[in-house]
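S.K.: I'd like to ask you about the structure that follows.
We did not get these values from a lab; they are worked out from the coordinates using the rules stated. Bear in mind the structure is a predicted one, so any value in this text is a computation, not a measurement. Backbone-built Cβ (ideal geometry, glycine too); neighbour counts: all protein chains shown.
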Amino acid sequence: MNDRDTDNVVERQKISKGRRIFNEGETGDYAYIVETGEIGIVKEIDGTEVELTSLHPGEIFGEVAVLDGRERMATAVALQDSSLIVVTPETLEKRIEGADKFVRTLLSIFMTNLRDTHKTYENPSHNFDGHITSITRHTNTMRDLAHLTHMEEFIEEVSPHLGKIRDHCSKLHEISKKYREKAKG
């Protein structure tokens, strides 16, 4: 992001290592852009906090809950002393409204897919298969996006790899089913 992109920024915040920026389940009041440092995104699963990803300078987080008005899906914590740019809901909405319809539609799809992916963590018995389903869905989305580039060489190069991912996911589903049936007796 350049300076023009941060014209509507509410503030910059310095965050000490270990400090939580927000907690899972809270209302999404602001989004954040990592200016310096590193932020971990963690989710509580069966009483244990699991790090889902870490974010670095230039990456945004917290935007989904701000945009869709639902609760935070995960907790954000500073993994290093960090500096964040705090972005208001109005700034996010203005940017999205200024984008073309295709980009707005993609954003809506991505937000839905992300929320669906997080749901797989809520049901431990569904966790493994839920992840496989999520990977398959994201792989299909990547295939569709590759085709939208209309770059034939790119499509030809990525398509076999995406096909292998789908094939591996199918095999993982079969293995999971076999062991679930064994566990039932």
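S.K.: Considering amide H positions built from the backbone, and no H for Pro or chain starts, which residues 5 or more places from Ile45, or on another chain, come under 5 Å of its amide H?
M.R.: Answer set, sorted by chain and number: Val50.
S.K.: Between Gln80 and Ile109, what FRET efficiency comes out of the Förster formula 1/(1 + (r/R0)^6) with R0 = 22 Å and r the beta carbon distance, rounded to 0.05?
M.R.: Working: r = 32 Å, r/R0 = 1.47.
So the FRET efficiency works out to roughly 0.10.
S.K.: Please sort 27-33, 99-105, 109-115, 66-72 by packing, taking for each peptide the average over its residues of neighbouring beta carbons within 10 angstrom, highest first. Walk me through the numbers before you get to the answer.
M.R.: Details: 27-33: 18.6, 99-105: 10.3, 109-115: 13.9, 66-72: 15.4.
The densest-packed peptide leads the list: 27-33, 66-72, 109-115, 99-105.
S.K.: Quick one: putting +1 on the C-beta of Lys and Arg, -1 on the C-beta of Asp and Glu, what dipole do you get for the chain around its Cα centre, in Debye to the nearest 20? Before the final figure, lay out the partial values.
M.R.: Values: 25 positive and 33 negative charges, 165 e Å.
With only Lys, Arg, Asp and Glu charged at Cβ, the dipole is about 800 debye.
S.K.: Return the sequence-ordered ³J(HN,Hα) values of the range 96-103 in whole Hz as given by the Karplus equation 6.51 cos²θ - 1.76 cosθ + 1.60 applied to θ = phi - 60°, using x for Gly and Pro.
M.R.: 5, 4, x, 7, 6, 4, 4, 5
S.K.: Classify the range 3-97 as rounded, prolate or oblate from the Cα gyration tensor: take a ≥ b ≥ c as the square roots of its eigenvalues, call it rounded if a/c is under 1.5, otherwise prolate when a/b beats b/c and oblate if not. It would help to have the intermediate numbers written out before the result.
M.R.: Values: a/c = 2.29, a/b = 1.30, b/c = 1.77.
Oblate.
S.K.: A further question follows. Given a Förster distance of 35 angstrom, what is the FRET efficiency for Phe102 paired with Glu181, based on the Cβ-Cβ distance and rounded to 0.05? Walk me through the intermediate numbers first.
M.R.: Numbers: r = 44 Å, r/R0 = 1.25.
The value I calculate is 0.20.
S.K.: Quick one: dipole size for the range 3-97, taken about the Cα centre, charges +1 on Lys/Arg Cβ and -1 on Asp/Glu Cβ, in debye to the nearest 20. Don't skip to the end; give the middle numbers.
M.R.: Working: 11 positive and 21 negative charges, 48 e Å.
In debye, rounded to 20, the range 3-97 gives about 240.
S.K.: I've got another one for you. If we sort 73-86, 131-144, 151-164 on the protection proxy, mean other Cβ atoms within 10 Å, highest first, what's the order? All intermediate terms of the calculation are to be shown ahead of the outcome.
M.R.: Values: 73-86: 19.7, 131-144: 15.8, 151-164: 11.9.
Going by the mean number of other Cβ atoms within 10 Å, highest first, we get 73-86, 131-144, 151-164.
S.K.: Right, something else. List the aspartates and glutamates whose Cα lies under 13 Å from the Cα of Lys178, skipping any in the same chain that are fewer than 8 positions away.
M.R.: Lys178 reaches Asp129.
S.K.: Once you have a ≥ b ≥ c as the square roots of the Cα gyration tensor eigenvalues for the chain, tell me rounded if a/c is under 1.5, and otherwise prolate or oblate according to whether a/b is larger than b/c.
M.R.: Oblate is the answer for the chain, as a/c is 1.5 or above yet b/c matches or exceeds a/b.
S.K.: Nothing charged except the Cβ atoms of Lys and Arg (+1) and of Asp and Glu (-1): what's the magnitude of the dipole of the range 123-184 about its Cα centre? Round to the nearest 20 debye. Write out the running numbers ahead of the final one.
M.R.: On the way: 10 positive and 9 negative charges, 136 e Å.
The dipole of the range 123-184 has a size of about 660 debye.
S.K.: Could you tell me whether the range 123-184 comes out rounded, prolate or oblate from its Cα gyration tensor? Rule is a ≥ b ≥ c as square roots of the eigenvalues, rounded for a/c under 1.5, then prolate if a/b exceeds b/c, otherwise oblate.
M.R.: Working: a/c = 6.22, a/b = 2.58, b/c = 2.41.
Prolate, because a/c is 1.5 or more and a/b exceeds b/c.
S.K.: Further, regarding this structure: Ignoring everything except DSSP H segments at least 4 long, calculate the 222 nm mean residue ellipticity for the chain; use -39,500 (n - 2.57) per segment, divide by total residues, nearest 500. Can you show the working numbers first?
M.R.: Numbers: 5 runs with 92 residues, N = 185.
It lands at -17000 deg cm²/dmol.
S.K.: At 0.36 nm per residue, and after removing the present C-alpha to C-alpha distance, how many nm does the segment from Ser54 to Asp68 gain when stretched out fully?
M.R.: Details: separation 14, 0.36 × 14 = 5.04 nm, distance 2.24 nm.
So the chain would gain 2.8 nm between Ser54 and Asp68.
S.K.: Once phi is turned into θ = phi - 60°, what whole-Hz ³J(HN,Hα) does the Karplus curve with 6.51, -1.76 and 1.60 give for every residue of the range 69-75, x standing for Gly and Pro?
M.R.: For the range 69-75, the Karplus-derived couplings read x, 9, 6, 4, 7, 8, 9 Hz, x marking Gly and Pro.
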